[in-house]
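Q: Here's a structure for you.
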């Protein structure tokens with residue numbers, strides 16, 4: 001398994017310009033929240049509690065980050081719990097609100113991603129992958 005330093009070094013190689021940093025600072029938390037909203041509505045009953053896919057995904061992500069670095073893992077866990085709390089609140093709203101928020105953000109992110117790909121700005125300076 002890669003270390004946190006390995007992951008951050010690879011990430012840094014791809015995200016060097018100020019505009020990219022600012023958009024990611026805002027965009028990535030919004031994407032995480034949109035996924036939490038979308039995956040908070042479906043669920044299964046387990047011992048009297050409803051277990052949503054968002055909870056399972058957040059648990060897996062928290063374990064991943066905790067294994068990389070305990071301090072940053074705890075910070076991610078707190079942020080994921082906040083996303084789950086907001087996601088559950090929005091998922092409990094009307095279907096239009098739930099899908100409008102989660103789907104609307106996802107579509108705008110996807111459109112922005114594909115438009116920057118079309119202009120050749122996304123990934124233009126990326127080093128080749130070594131996977």
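Just so it is clear, none of the values below were taken in a lab; they were calculated from the coordinates. In this text, all values refer to a predicted model and were calculated from it rather than measured experimentally. Counting neighbours? That spans all protein chains shown, and the Cβs are built from the backbone with ideal geometry, glycine included.
Q: With just the Cα atoms of region 4-109, tell me how far they stretch along each of the three principal axes, in Å, largest first.
A: 43, 32, 15
Q: Report the extension gain between residue 9 and residue 22 in nm, rounded to one decimal, defined as 0.36 nm multiplied by the number of residues separating them, less their alpha carbon distance. Display every interim value, and only then the final one.
A: On the way: separation 13, 0.36 × 13 = 4.68 nm, distance 1.82 nm.
Taking residue 9 through residue 22 to full extension adds about 2.9 nm, to one decimal.
Q: May I pose another question? For residue 86 and residue 45 in one chain, what is 0.36 nm times their gap in residues minus the Cα-Cα distance, to one decimal in nm? The partial results should precede the final answer.
A: On the way: separation 41, 0.36 × 41 = 14.76 nm, distance 2.04 nm.
Net length gain for the segment: 12.7 nm.
Q: Let me ask another. Give me 3, 55, 23 sorted ascending by neighbouring Cβ count inside 10 Å, so fewest comes first.
A: Numbers: 3 11, 55 20, 23 14.
Least to most surrounded, the residues fall as 3, 23, 55.
Q: What distance in nm separates the two pseudo spin-label positions at residue 70 and residue 94, each 7 Å out from Cα along the beta-carbon direction?
A: 4.9 nm
Q: Please state the relative contact order of region 4-109 as a whole percent: Cα pairs under 8 Å, 6+ residues apart?
A: Working: 92 pairs, mean separation 34.0, N = 106.
Relative contact order here is 32 percent.
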